[in-house]
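Q: Attaching a single structure in structure tokens format; questions to follow.
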Amino acid sequence: MATELRLARGMPEELGIPSAAILAFVDQVERDIHELHSFMLVRHGQVAAEGWWSPYAPERPHMLFSLSKSFTSTAIGMTVGEGLLTIDDPVLSFFPAETPETVSKNLAAMRVRHLLSMSTGHAKDATRRTTSQKDGDWIRGFLAAPVRYKPGTHFVYNSAATFMLSAILQKLTGKTLLAYLTPRLFEPLGVEKPTWEENPQGINVGGWGLNLRTEDIARFGQLYLQKGTWQCRQLVPEAWVDAATAKQISNGDDPESDWAQGYGFQFWRCRHNAYRGDGAFGQYCLVMPEQDAVLAITSGVSDMQAVLNVVWECLLPAMKKAPLPPNPGGQAALRDRLASLRLPPPEGQAQSPLAEQVSQQTYSLNKNWIDLQSLAYQFGPEDATVRVGAAQGKYAIECGYGAWKEGTVPMLDRGPQPALSSGVWSAPDTFAVTTRFYLTPFYQVLTSHFDGKRVTASVDVNVSFGPKKLPTLQGRVRR
């Protein structure tokens, strides 16, 4: 990251925030949330505090999931500013070749603004239908989905709508979202080597799939706080910033929920007159205009509201308009605490009387839904290796005892990923391997229970769109 593009750093008290309040925030998320991966708090354009729970680190990008949507919205705002389209253009006007033979009145009435505000008229999220087309044509899949309601009248969170925004941009410009945004947004902000998942048609998926670092998220939020200006350049039209972050449609009436304060153009309204982009399992770009503050967070949590509750409880009321008296002691305590943040490896024993008996054995697994075929274990004096045979091939999980060991391990649905693994004997007959996929929100625990010539294995994940505990695997020593 070029030095001149980094956000300036300042002391919390100089920026009107007590160091003790930030310490209280860290204490509470560690006590109650457990799986924050990073945060960066920006006040008056300067970073007041930042922290990464090792092995997460400033230079490592993180999966953003639906926080990607706010970047897609930004690209559409730029095309509007360039006069390439208006938000009242019919969606079908961009896709004459993909338009269904029979067009319903509601589909014909769908406009770009309805894609932006999640008010397409679908009765349910059309993403599964859109992405499950056998021929890989997501555009046709989306346009074939029934549109039950008049567009603009019914809110349904719909990642496929964001994909269609990406498809429209690519139709207009001949460039992917990533290629379009790189010179216009990412390079001016100092975002290095962003990546964005593509669909089978070579279109960035738009509604998810972007990977960025924590400070990239913070600078994006600061850009919006500054009404689209960055280093004296208007990167995003100010009118777009205002429209995208305003309430465009109602999405509920629960005064205690930050998911029921209204929805803009791929941004959520929040309590306390704030707004945010966010993504599954706790990826946030939270902008607080009244406090002149931005908070970027990456994490791997199930309860996303709980994270915002801690922000509102610990940080929001602590932000004062004027600088506070210097507090060298408090600042030193905060600095030391932030420098020591870590997600520790699992606790347990490094050795077991069973280790020698189990080592070098290969267990054939009964047929199972994830197509794992065998498990083999090798226990050394300082580390262990679990070799997995799968339908897609073989791989090894190398793990330290009570320490992380670097490697590459397949995730169930995402292929090989950089990972850190640590193994312990949680009981004399049970060996558990924790694998942390540190560019994602995910970690998994493979627990193997040995009973004579048999093994019973289970896989648990911290967060998931499906079950977090996968079906148990059964196997026996291969003859």
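Q: If a residue must be of a type in the set (A, V, I, L, M, F, W, C), under 19 Å from GLN417 (Cα atoms) and surrounded by 18 or more Cβ atoms within 10 Å (Cβ to Cβ), how many such residues does segment 373-401 contain?
A: Looking only at segment 373-401, we keep the residues that are of a type in the set (A, V, I, L, M, F, W, C), and these are 375-376, 379, 384, 386, 388, 390-391, 396-397, 399.
Next, only the ones that are under 19 Å from GLN417 (Cα atoms) stay: 386, 388, 390-391, 396-397, 399.
Still in the running and surrounded by 18 or more Cβ atoms within 10 Å (Cβ to Cβ): 386, 388, 397, 399.
Of the residues in segment 373-401, 4 are of a type in the set (A, V, I, L, M, F, W, C), under 19 Å from GLN417 (Cα atoms) and surrounded by 18 or more Cβ atoms within 10 Å (Cβ to Cβ).
Q: Kindly list, by first and then second residue, each pair from a residue in segment 154-166 that is closer than 15 Å to GLY262 by Cβ to a residue that is polar (S, T, N, Q) and modelled with pLDDT of 95 or more, limited to pairs with Cβ atoms under 6 Å and residues at least 6 apart or on different chains.
A: Between residues of segment 154-166 that are closer than 15 Å to GLY262 by Cβ and residues that are polar (S, T, N, Q) and modelled with pLDDT of 95 or more, the close pairs are PHE155/SER119; PHE155/ASN251.
Q: Among the residues that make up segment 239-246, is at least one of them of a type in the set (Asp, Glu) and either more than 19 Å from GLY77 (Cα to Cα) or in contact with a strand residue (DSSP E or B) (Cβ under 8 Å, 6 or more places away or on another chain) (or both)?
A: no
Q: For a quick check of your reading of the model, give me the residue pairs whose first member lies in segment 279-295 and is in the same structural domain as ASN462 (by TED's automatic domain parsing) and modelled with pLDDT of 95 or more, whose second is buried (at least 24 other Cβ atoms within 10 Å of the Cβ) and not in a strand (DSSP E or B), with beta-carbon atoms closer than 7 Å and at least 6 apart or on different chains.
A: Pairs found: none.
Q: So, of the residues in segment 28-60 that are basic (Lys, Arg) and not in a strand (DSSP E or B), which turns out to be surrounded by the fewest Cβ atoms within 10 Å (Cβ to Cβ)?
A: Checked segment 28-60; the qualifying residue surrounded by the fewest Cβ atoms within 10 Å (Cβ to Cβ) is ARG31.
Q: When both residues are 6+ apart or on different chains and their Cβ atoms are under 9 Å apart, which pairs have a first residue that lies in segment 357-374 and is free of Cβ contacts under 8 Å to residues at least 60 places away in the same chain and more than 14 Å from THR385 (Cα to Cα), and a second that is small (Gly, Ala, Ser) and not in a strand (DSSP E or B)?
A: ASP371/ALA391; GLN373/ALA391
Q: If I ask for residues that are in contact (Cβ under 8 Å) with a residue 40 or more places away in the chain and more than 21 Å from the chain's Cα centre (by Cα), which ones from segment 253-278 would you list?
A: ARG271, HIS272
Q: Filter the helices (runs of 4 or more DSSP H) completely within segment 88-205 down to those with at least 1 residues that are among the hydroxyl-bearing types (Ser, Thr, Tyr) and at pLDDT 95 or above.
A: Passing ranges, in order: 127-131, 159-173, 177-181.
Q: Moving to a separate point now. If the Cβ limit is 8 Å and pairs must be 6+ apart or interchain, which residue in segment 1-16 that is closer than 24 Å to GLU192 by Cβ pairs with which residue that is part of a helix (DSSP H, G or I) and modelled with pLDDT of 95 or more?
A: The qualifying pairs are MET1/GLU215; LEU5/LEU189; LEU5/ARG219; ARG6/GLU215; LEU7/GLU215; LEU7/ALA218; LEU7/ARG219; LEU7/GLN222.
Q: Right, here's the next one. In segment 328-396, which strands (runs of 3 or more DSSP E) lie fully inside it and hold 3 or more residues that are β-branched (Val, Ile, Thr), at pLDDT below 90 and over 30 Å from PRO12 (Cβ atoms)?
A: No strands (runs of 3 or more DSSP E) qualify here.
Q: Identify, from the list VAL445, VAL461, VAL455, the residue that is aliphatic (A, V, I, L, M), under 28 Å from ARG213 (Cβ atoms) and either surrounded by fewer than 16 Cβ atoms within 10 Å (Cβ to Cβ) or touching a Leu at 6+ places or on another chain (Cβ under 8 Å) (or both).
A: Every option except VAL461 fails the conditions.
Q: Tell me the residue from TRP369, TRP312 that is exposed (fewer than 14 other Cβ atoms within 10 Å of the Cβ) and of a type in the set (Phe, Trp, Tyr), please. Working first, answer last.
A: On the way: TRP312 fails: exposed (fewer than 14 other Cβ atoms within 10 Å of the Cβ).
Just one listed residue meets the conditions, TRP369.
The values are calculated or read from the model by the stated rules, or taken from the named source; none is laboratory data. Every value quoted in this text rests on a predicted model; they were computed, and no experiment measured them. Glycine also receives a Cβ, built like all others from the backbone with ideal geometry; neighbour counts cover every protein chain displayed.
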